[in-house]
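J.: Pasting a structure here, questions to come.
Laboratory data are not the source of any read-out in this text; all were calculated from the coordinates shown. Because the structure is predicted, anything quoted here is derived from the model rather than measured. Cβ placement follows ideal geometry from the backbone for every residue including glycine, while neighbour counts extend to all protein chains displayed.
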Amino acid sequence: AKESDRLDAKLVRSREMYGKAREHLCNGVASSYQLRDPWPIYVDHGEGSRVWDVDGNEYYDFHNGFGAMVQGHANPVIGEAVNKRFAKGTHFALPDEDDFVVAGELSERFGLPKWRYTNSGSESTMDAIRIARAYTHRDPIMKIFGSYHGHHDAVMISIAEDYDKIGDRLHLRSLPYGAGIPAATIPLTVPVPFNDAEALEHRIVEMEGEGNAPACLIMEACLMNMSIVPPEPGYLEAVRDITTRHGMVLIFDEVKTGLTIGPGGATKLFGVRPDMVTMAKALGGGLPMGAIGGTEEVMSVVESGEVYQVGTYSGNPLCVAAARANLEKVLTPDAYDHFDHLNKRLMDGCTEVVHRYGFPGYAVGFGAKGCVTFSPHKIVDYVTFRQGQRSDLNQLCWLYAMNRGVFMTPGREEEWTLSVAHDDKACDAYINAFAEMAHDLMS
Ligand code: PLP
């Protein structure tokens, strides 16, 4: 309560703005993910690794716009590309050179030859699922229990259930996440546990027996929405083998992992090639841009015109110009060395705190992404996450960070994202805030 009151006392202007914002903006925010109890934090500006709210509070930004801002705020390289493009016109709904240069760069990084663009992660997963359905002529899809893939009907299933609803791991129920999802679509999305290839095959065989063979499995190769849960050795290889044998499309959702955990995302880091990847967030240099990549075979349903992969703003010139500058000039091999250096410093620092105070948690991360998982045991899937995770500690950690000038992603399941503008000082601020919390709590 003390830390909570302390933060509220720093957010006076935000509170005033909230009063005005609520009049015509639902809850005073543009998206429900921007809510904070008792009122949201209204932002003023960002520069490099830092962000300032309307009260003038300055923070090192580890939230980084839910993991989009790996290039840092107001990055001049992106700024120059966007300004140049703006001067030549911002929207035509026609292809330009940047479109195929970016596609070529993504092909190189992810090892998938064919690409299309969207405007967000949700659009990317929505289109990828449609392509997989068209390619296989099957309707049901599979996803990992507890995972998030955006806000359209097919994937707003079995995301954050109460533990008591989970039931038998082999017979996980398809549960809608929030209202407004048609009852008829719910059973078309079938959840399976992460890191359990046997359960996956068992469920596929069961579905085939019922005449409901699945079109695809959509998954993050390394889970990023229940803290960070890496794949166990051999799991992704087994998933690849199973999905191939059962004629399914394997989609790696790289909206969070792509371009952050390594230059070629989880696909290259873990060395298992999916049939498709979906991307957004870090791709667009801070502008709304998504992409879908796939094999020649799977993407043939787009090229033949069978699937309408469309959108007025898909491949918007401003966004693609920003993505090109981001890929060519910002996310260079040096940037990934920088992420690795900083992430090691952060994880080592947090691990030292965990050991010093006998704290129930451990640090985990790759590239620009990492977190302290607050659990006394290792988390391997959603069930172990719900059993172990300490949302009270997450909330406290967030408050300690915010009160010490460190903007961390809110939510028990989120992780930090580094940018090329972060430095040792920013990481030490994070570690010090965490150490202070551990000290106050454990001593
Ligand atoms: N897929 C994953 C793995 C995500 O984490 C998210 C968003 O957090 C999405 C898809 C949806 O992306 P967007 O919010 O851009 O629609």
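J.: Once a ≥ b ≥ c are taken as the square roots of the eigenvalues of the Cα gyration tensor of segment 76-330, is the result rounded (a/c under 1.5), prolate (a/b larger than b/c) or oblate (a/b not larger than b/c)?
T.: Prolate, since a/c reaches 1.5 and a/b exceeds b/c.
J.: Another one. Could you state the number of Å between the C-alpha centres of segment 265-328 and segment 403-434?
T.: The distance from the Cα centre of segment 403-434 to that of segment 265-328 comes to 29 Å.
J.: Tally Lys and Arg at +1 and Asp and Glu at -1 over the other residues with C-beta under 14 Å from the C-beta of residue 101: what net charge comes out?
T.: -3
J.: What is the sum of charges, Lys and Arg at +1 and Asp and Glu at -1, for the other residues whose Cβ falls under 9 Å from the Cβ of residue 54?
T.: Every neighbour counted, the sum reads -3.
J.: Kindly put 319, 222 in sequence by how many other C-beta atoms sit within 10 Å of each C-beta, fewest to most.
T.: Neighbour counts put them in this order, fewest first: 222, 319.
J.: Give me the percent of DSSP beta bridges within the chain that run antiparallel, rounded to the nearest 5.
T.: Numbers: 26 of 42 bridges.
In the chain, DSSP labels about 60 percent of beta bridges as antiparallel.
J.: Packing-wise, with mean Cβ within 10 Å as the measure, how do 136-146, 61-71 rank, highest first?
T.: Output ranking for 136-146, 61-71: 61-71, 136-146.
J.: Could you please report the charge total around residue 323, scoring K, R as +1 and D, E as -1 over all other residues with beta-carbon less than 10 angstrom from its beta-carbon?
T.: Numbers: positive: 324; negative: 98, 99, 105, 328.
Once positives and negatives cancel, what remains is -3.
J.: A further question on this structure: If a/c stays under 1.5 just call it rounded; otherwise compare a/b with b/c (prolate if a/b is bigger, oblate if not). Do that for the chain, with a ≥ b ≥ c from the square roots of the Cα gyration tensor eigenvalues.
T.: On the way: a/c = 1.58, a/b = 1.20, b/c = 1.32.
In terms of gyration-tensor shape, oblate.
J.: What does the C-alpha gyration tensor say about the overall shape of segment 347-412? Classify as rounded when a/c is under 1.5, otherwise prolate if a/b is larger than b/c, or oblate.
T.: Rounded is the answer for segment 347-412, as its axis ratio a/c remains below 1.5.
J.: Here is a follow-up. Sort 109-116, 34-41 for me by packing, meaning the mean count of neighbouring Cβ atoms within 10 Å per residue, highest on top.
T.: 109-116, 34-41
J.: For the chain, what does the helix formula give at 222 nm: sum of -39500 (n - 2.57) over DSSP H segments with n ≥ 4, over the residue count, nearest 500 deg cm²/dmol? Numbers along the way, then the final one.
T.: Working: 15 runs with 178 residues, N = 443.
That calculation yields -12500 deg cm²/dmol at 222 nm.
J.: Over 28 Å between Cα atoms: which of 143/281; 114/378; 256/378 fall into that group? It would help to have the intermediate numbers written out before the result.
T.: Details: 143/281 20 Å; 114/378 37 Å; 256/378 22 Å.
As for pairs spanning more than 28 Å Cα to Cα, those are 114/378.
J.: With just the Cα atoms defining each centre, how far is segment 177-208 from segment 129-147? Give it in Å.
T.: Cα centroid of segment 177-208 versus Cα centroid of segment 129-147: 10 Å apart.
J.: How do 235, 400 rank when sorted from fewest to most other Cβ atoms within 10 Å of their own Cβ? Kindly include the intermediate steps, with their values, before the conclusion.
T.: Values: 235 19, 400 23.
Neighbour counts put them in this order, fewest first: 235, 400.
J.: When only Cα pairs under 8 Å and 6 or more residues apart are kept, what is the percent relative contact order across segment 76-330?
T.: Reported as a whole number, the value is 31 percent.
J.: List the lysines whose Cα lies under 28 Å from the Cα of residue 2, skipping any in the same chain that are fewer than 8 positions away.
T.: 10, 20, 425
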